[in-house]
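Worksheet for the structure shown next.
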């Protein structure tokens, strides 16, 4: 082709498009040091850490989790990450402290992908100020870190965020990540910038250890003060605590106060508990933040019901008697009709659970009857014995009125169910069974949840897919001893 023909062809077809540049990748910095580098070994390690049931936190909004090597803090972090199974979070804001860089603001990596041995996670676009990818920094390369051919940034060798990502990859399906490393930044300003970006499918993860390198008993005392400040959303007290992620924690406390969230301690241990050496330890806590919802009962009313259940359990097991109740002193809400379940656990394992789906009388009477039945008449277990009483923990779940759930197909049913929120009554022909919302903690997969519920009703696992199946849902206000 001569030059004239080439020029004409380029004019007709336009200039050839330049090649698409390869995605920018934030490469792993601590794989093989803080957690296994081999994908199969890492997956196996995470499966072992995440095994077992999660605690009950229905409207989860945020987590504080530790960031040491998995052999030290992985079991504590896992108590938080278990809550993510079955949930549909699409954007995770990962707030981590800096251990290698000094800079102003909160650094958001400008890469396109965040890589771990388990694969790549897309990085969401940066937030507005004080979050930035453009800032001046001074970086000290750790002695264990590999050199880089690129100019390092505040996240190049930062472990505090990286160790969280494999946990997220194991517990969430499709999500994008906003990895933030905190420098010198005002936590209140950071909270305000984050607040408008959060929706029902957003999750905030704060990475922080607690006290560092104190003797075991000293660390426990200091960490107790720090945890108390966090769960009470006490910003002033938190400013005086020892935690390497103080900036991200304070940002979360500001967010929680703005949003009306509450906090719940899931687990606390230190390296003396997990690694054995108690001379100089590091503290680790997992704390969940949640939206409380429309709670009907205050602290005193909950305590009244739990005390009633405890007295009932003791009397039923030791003497076979029903405790007397002065009806004139029963709080008004507790005297009103309501349905409830009473669940007994022993060392974290189910020991009995009986309840009613419809109100049959005052709530206090339902608590007495269901406590006795859970202890003595749950056919799955032998009656509770006197020597077990000290090991039994009581949980009460007060139910809303069940409502039919309309659906036209099994897929629509699966789409409408809300894990960790919906209690489900499944009716297949003349057979029925129910699961409380707490069962989602053991069965976060919707298909498995319905399969086992069908089996509980005496049907085959997949029978919930049959035409004519009916489903009703209800919600619960659950509270237990020790909270």
ask   = Which one of these is without any contact (Cβ under 8 Å) to a residue 24 or more places away in the chain and surrounded by 14 or more Cβ atoms within 10 Å (Cβ to Cβ): 369, 374, 415, 390?
value = 369
query = In region 131-164, which residue that is under 21 Å from residue 193 (Cβ atoms) and crowded, with 20+ Cβ neighbours inside 10 Å is modelled with the highest pLDDT?
reply = 164
query = If you scan region 293-351, which residues turn out to be assigned to a helix (DSSP H, G or I), touching a residue at least 40 places away in the same chain (Cβ under 8 Å), more than 14 Å from residue 363 (Cα to Cα) and out of contact with any helix residue (DSSP H, G or I) (no Cβ under 7 Å at 6 or more places or on another chain)?
reply = 310
inquiry  = Looking at residue 439 and the list (1) free of Cβ contacts under 8 Å to residues at least 40 places away in the same chain; (2) touching a helix residue (DSSP H, G or I) at 6+ places or on another chain (Cβ under 6 Å), which single condition is not satisfied?
reply    = (2)
ask   = Any idea which residue in region 275-292 is surrounded by the most Cβ atoms within 10 Å (Cβ to Cβ), counting only those that are over 16 Å from residue 200 (Cα atoms), touching a helix residue (DSSP H, G or I) at 6+ places or on another chain (Cβ under 8 Å) and at pLDDT below 95?
value = 275
query = Which condition breaks for residue 40 when tested against (1) in contact (Cβ under 8 Å) with a residue 24 or more places away in the chain; (2) part of a helix (DSSP H, G or I)?
reply = (1)
key: Within region 444-467, considering residues that are touching a residue at least 40 places away in the same chain (Cβ under 8 Å) and not in a helix (DSSP H, G or I), the one surrounded by the fewest Cβ atoms within 10 Å (Cβ to Cβ)   = 445
query = Tell me, which residue of region 252-274 that is closer than 15 Å to residue 95 by Cα and under 18 Å from the mean Cα position of the chain (by Cα) is surrounded by the most Cβ atoms within 10 Å (Cβ to Cβ)?
reply = 252
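The values are calculated or read from the model by the stated rules, or taken from the named source; none is laboratory data. Just so we're clear, the structure is a prediction, and the values are computed from it rather than from any experiment. Heads up, the Cβs are rebuilt from the backbone with ideal geometry, glycines too, and the neighbour counts pull from every protein chain shown.
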